[in-house]
1. Exactly one condition in (1) within 13 Å of ligand 1 (Cβ to nearest atom); (2) under 32 Å from the mean Cα position of the chain (by Cα); (3) part of a helix (DSSP H, G or I); (4) not charged (D, E, K, R) is not met by LEU80; state its number.
2. For LEU519, state whether it is assigned to a helix (DSSP H, G or I), among the hydrophobic types (A, V, I, L, M, F, W, C), out of contact with any Phe, Trp or Tyr (no Cβ under 6 Å at 6 or more places or on another chain) and buried (at least 19 other Cβ atoms within 10 Å of the Cβ).
3. If you go through region 129-143 one residue at a time, do you hit one that is within 16 Å of ligand 1 (Cβ to nearest atom), more than 32 Å from the chain's Cα centre (by Cα), among the hydroxyl-bearing types (Ser, Thr, Tyr) and closer than 22 Å to HIS9 by Cα?
4. Which ones in region 401-427 are in contact (Cβ under 8 Å) with a residue 40 or more places away in the chain and more than 27 Å from the chain's Cα centre (by Cα)?
5. For region 280-303, what are the residues that are surrounded by fewer than 18 Cβ atoms within 10 Å (Cβ to Cβ) and in contact with a Lys or Arg (Cβ under 8 Å, 6 or more places away or on another chain)?
6. With the requirement that a residue be in a loop (DSSP other than H, G, I, E, B) and closer than 30 Å to GLY136 by Cα, what does region 259-305 give you?
7. Please find, within region 5-23, the residue that is nearest to ligand 2 (Cβ to nearest atom) out of those that are free of Cβ contacts under 8 Å to residues at least 60 places away in the same chain and either in contact with a Gly (Cβ under 8 Å, 6 or more places away or on another chain) or closer than 16 Å to GLU87 by Cβ (or both).
Amino acid sequence: MFVLGTAGHVDHGKSTLVKALTGIDPDRLPEEKEREMTIDLGFAWLSLPSGREVSIVDVPGHERFVHNMLAGAGGIDVVLLVVAADEGVMPQTREHLAILDLLGVRRGVVVLTKADLVERGWLDLVREEVVETLRGTVLEGAPMVVVSAVTGEGLDGLKAVLDDLLATIPPRPDRGRPRMAIDRSFAMPGFGTVVTGTLVDGPLSVGMEMELVLLGRQVRIRGLQRHRQRVEQIPPGSRAAANLVGVGHEEVTRGEVLTIPGWLRPTTTLDVHLRSSRWAPHPLRHNMGVVVHAGTAAVQGRLRLLDADVLEVGQSGWAQVLTLSPLAVARGDPFIVRSSGHTLGGGVVVETHSPRHRRRHPPTLERLARLAQGSPEDLLRSALTGPLPKDRSTLARETDLPPEQVASLVERLHRRGEALLLRGPGGQGEWVIGREGWEAMRRRVEEVLQAFHRRYPLRRGMSREDLRARLGLSPGAWDAALAALVREGFALEAGALVGLPSHKPHPTPEQEALAAAFLEALEAHPYSPPPPPPNLDPELLAFLVEEGKVVKVAEGIVFSPRAYQEMVRRIVAHLREHGRITIAQVRDMFGTSRKYALALTEHLDQKHITRRVGDERVLVGEP
Ligand SMILES: Nc1nc2c(ncn2[C@@H]2O[C@H](COP(=O)(O)OP(=O)(O)O)[C@@H](O)[C@H]2O)c(=O)[nH]1
Ligand SMILES: [Mg+2]
């Protein structure tokens, strides 16, 4: 799964190209149609000749809407840098290129559009100009395709080039902690809040419990759509629309992040490696006010340069970014800084929630360098930050470390109490989870179960499968985690149910009274018992069954345990003596109606106490 983004100067044909490729008009706002200009992000998708389906994010080219372009550029795998053949390289061609460079979007195709408007000689000049512009950037050497949306020239060639390019890209990693920077939030009549974004780092599934990081709110995914299709799961590296329960659409703003709970906390202080863009109109200075763009967020901030007073154009160094509003970013995330409408620089987050550092302090600078590089232990620790247990092969893949090294590092973290090892029941499989992640998971389990117990006070617990889905764990990891939760005395397992040890199912006084009256009625007509009254909650009935206060033999037919035992005893005795019994004989034996005789006999068949032979029952088992 991959996401493709457009980039390039306004009016160079980006949206027209998307429409020509996909048949979908990415300009969706009335204002965009009226002004014939992209203002905000547009979305489409494309099936390539290979069958590969890619999501597309179309961005505005106008300099006034670079903030929207930035909200769309995060999370893209491949860029289509669009340059109109008649105009050539223009200011936002450069600015978008600078942004892609700073964000590290390494893969792309340069598309020379409007080929129908120019002659070949001119086209060659533009091609040279573009090659020159790309030199030394992430897109140096990118394939270049000439197209015309008017004549259709080059469109098939472009699809083929994209197919070839995507075939060489490793799939988006599944780090087991899906994360989506939200770019839109709206209400869908009949559904409620829907948020959209580019999904990375893990799949989303219907039913998952998630967190909106800036709001600090737990939400549940009620439904998912990918490319306008309802789906149960969306893999990372795709556009996604999620219908959320637990939040109003107006509460969610661009910049919010949807992820699994418990690992990402909003921060206002970042340690960063900062680069001044080579096309910046002026250098970056200590204490400068900037707008910080990360993911889909844009917030005011201030730069503290830690090893210089000025970062000259094209230079880089260590810095702290202090923001006025919180950001939901993690170590390793790219960001951009702008000021007065110009892109000045950007870089990578090295640490979040950092304390104020002394400037020109060698130990601090060394530490940042070490962090940025990441020791094997740091890498493993950061792979273990989430509340999801991981197996060793996943850890090896995520850290890019050899399996033996992962094994010995896991051992070390385990000895120090920084990581827990979870084994499946019967010792199958082994999962590793960081101490904090484990605590976060326990908190989640506790919250979910508490909510469940409040809602269903008469049940012993929640189905373990539902709980697993809520937590977003794989079946193997869940078996291991649940075994540990039970061992720690944190949860109780009762059959397929999981509950908190502190929870005892308890009817309310009203329910007690209802139940007592019903039990009395059962006793009064033991063999022709009345059906449960309509005001007797099915939850309460299930509780009475569970507690052995009544025996349910069929929908709407329950006996008192005494009557039930008596009936079974006498039927079995009859069968022992005579070998067979009919429904009519059962009916007459207890002076009841055929309805009850039939229900009870079928129930005995089901329990393999009797078996039907013709119109009669014979004994096959013991009660
Ligand atoms: N002749 C010609 N015009 C084009 C072509 N592609 C786009 N245009 C026109 O260029 C203008 C700007 O296109 P648009 O897609 O909105 O540019 P964007 O701002 O980069 O999204 C529109 O009037 C398009 O019809 C092309 O290949 N040939
Ligand atoms: Mg456009």
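The values are calculated or read from the model by the stated rules, or taken from the named source; none is laboratory data. Computed from a predicted model, the values in this text were never measured in an experiment. Every residue, glycine as well, gets a Cβ built from its backbone with ideal geometry; the counts of neighbours run over all protein chains shown.
1. Tallying (1) within 13 Å of ligand 1 (Cβ to nearest atom); (2) under 32 Å from the mean Cα position of the chain (by Cα); (3) part of a helix (DSSP H, G or I); (4) not charged (D, E, K, R), LEU80 fails exactly one: (3).
2. Taking the combined requirement at face value, the residue does not satisfy it.
3. So the first thing to find is which residues in region 129-143 are within 16 Å of ligand 1 (Cβ to nearest atom), and the list is 130.
Those still in the list that are more than 32 Å from the chain's Cα centre (by Cα) too: 130.
This time we only want the ones that are among the hydroxyl-bearing types (Ser, Thr, Tyr), so: none.
Within region 129-143, not a single residue is within 16 Å of ligand 1 (Cβ to nearest atom), more than 32 Å from the chain's Cα centre (by Cα), among the hydroxyl-bearing types (Ser, Thr, Tyr) and closer than 22 Å to HIS9 by Cα.
4. We begin by selecting, within region 401-427, every residue in contact (Cβ under 8 Å) with a residue 40 or more places away in the chain; these are 420, 422-425.
Selection gives PRO425 alone.
5. Within region 280-303, HIS286, ASN287, GLY289 qualify.
6. Selection gives SER277, ARG278, TRP279, ALA280, PRO281, HIS282, PRO283, HIS286, ASN287, MET288, GLY295, THR296.
7. That would be SER15.
Conditions tested, residue by residue: (1) polar (S, T, N, Q); (2) over 20 Å from GLU209 (Cα atoms); (3) at pLDDT 95 or above.
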site: ARG443; (1), (2), (3): no, no, no
site: VAL448; (1), (2), (3): no, no, no
site: PRO457; (1), (2), (3): no, yes, no
site: GLY472; (1), (2), (3): no, no, no
site: TRP478; (1), (2), (3): no, no, no
site: GLY495; (1), (2), (3): no, yes, no
site: GLY499; (1), (2), (3): no, no, yes
site: PRO505; (1), (2), (3): no, yes, no
site: PRO509; (1), (2), (3): no, yes, no
